[in-house]
Amino acid sequence: MTACCALLLIASGSKTLYAACEFTVQGEGHVSSVLDARTIRLADGRDVRLSGIEIADDATARSKDALAGLIGGRAVTLRGPDDTPDRYGRQPAFVTLEGTDRPVQFDLLNRGDAFASSSVRDQPCSRALLAAEAIARSARRGIWAGSAALKNAKSADDILSRRGRFTVVEGTVSSARLAGATFYVNFGRRWTRDFAVTISRRMMASVEATGIDLKSLKDKRILVRGWIETRDGPGRGPRIEVTQAGQIEIIGAARPGEGLATTATVPEEEGE
């Protein structure tokens with residue numbers, strides 16, 4: 001459903017995309033410096049953190065240069081549902097240049113210089129950001145030009161090497177079920193070692209409100225985004241915990257032949 005909505009947004013034009021993130025004006029200022037790929041400092045001393053995007057850690061220099069080229073030394077308007085500073089004192093905002101109403105976040109996403117974040121709670125805006133990312137991903141721009149940005153769910157060791165980092169993973173679901181207070185979306189039969197997505201029972205309603213039927217995810221091909229974690233103990237596989245509804249996108253059914261190699265594998269005895 002999320003992927004379908006993204007395609008509709010793309011088809012209706014980029015104006016529709018960024019219009020979904022036109023929030024209340026939270027201030028204005030003049031950019032004095034670009035501190036990193038997501039943070040700017042205004043002339044009055046305020047630090048502003050760009051909402052709605054994450055940066056690929058192997059492309060930080062490129063993304064910082066891209067942001068500086070877009071807004072360095074320019075007058076900007078800050079928009080957002082809330083201007084409460086984060087724990088580092090940075091104001092979160094969608095940033096537009098003076099005289100425009102398009103957040104620079106969409107420029108970065110369209111160029112392939114950023115990931116769409118999973119932290120935006122406003123669902124129309126979240127879908128718009130995902131759609132902008134999808135445009136760049138389809139065109140193989142920027143970070144999407146190679147295979148490093150999009151991880152294969154079958155490559156557990158590759159995913160595990162990104163522990164603690166924001167990552168986008170693609171794969172076909174081998175099983176999806178509730179066990180106790182946690183819903184598990186598994187991508188392999190070796191449940192202690194393969195990549196999996198975990199969703200707390202209290203998050204399930206929020207995810208399903210986006211149109212995703214969690215119990216029917218088996219054999220669906222999905223994208224999931226978030227921070228890579230692992231369970232304690234040697235040989236434990238990588239995980240992404242879903243804490244926001246926009247972290248999962250259905251992108252289709254299993255590709256022909258997928259999953260055949262695992263159907264004969266005896267599953268491990270575990271609660272997942």
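Coordinate-derived values only; no laboratory data. Note that the structure is a prediction, hence the values are computed from the model and not measured. Note that we place each Cβ from the backbone using ideal geometry, even for glycine, and neighbour counts take in every protein chain shown.
Some points to look at:
- Separation of alpha-carbon centers, the stretch 76-113 and the stretch 131-152, rounded to whole Å: 22 Å
- Restricting the calculation to alpha carbons of the chain gives Rg and Dmax of 19.4, 64 angstrom.
- Projecting label points 7 angstrom from Cα along Cα→Cβ for R163 and S216 puts them 3.7 nm apart.
- Pair-distance distribution of the stretch 79-180: all C-alpha pairs, bin width 5 Å, starting at 0; shares per bin in whole percent are 2, 10, 16, 18, 19, 16, 9, 7, 2, 1, 0.
- Annotation: the antiparallel percentage among DSSP beta bridges lying fully within the chain is about 80.
- Estimated D of the stretch 2-144 in µm² per second, where Rh is the Kirkwood radius over Cα pairs and Stokes-Einstein applies at 37 °C, 0.692 mPa s: 219 µm²/s
- P(r) tail for the stretch 167-247: Cα pairs beyond 22 Å make up 14% of the total.
- Springs between Cα atoms under 10 Å define the GNM used for the chain, and in it the highest mean-square fluctuation of S138, S175, S119 occurs at S138.
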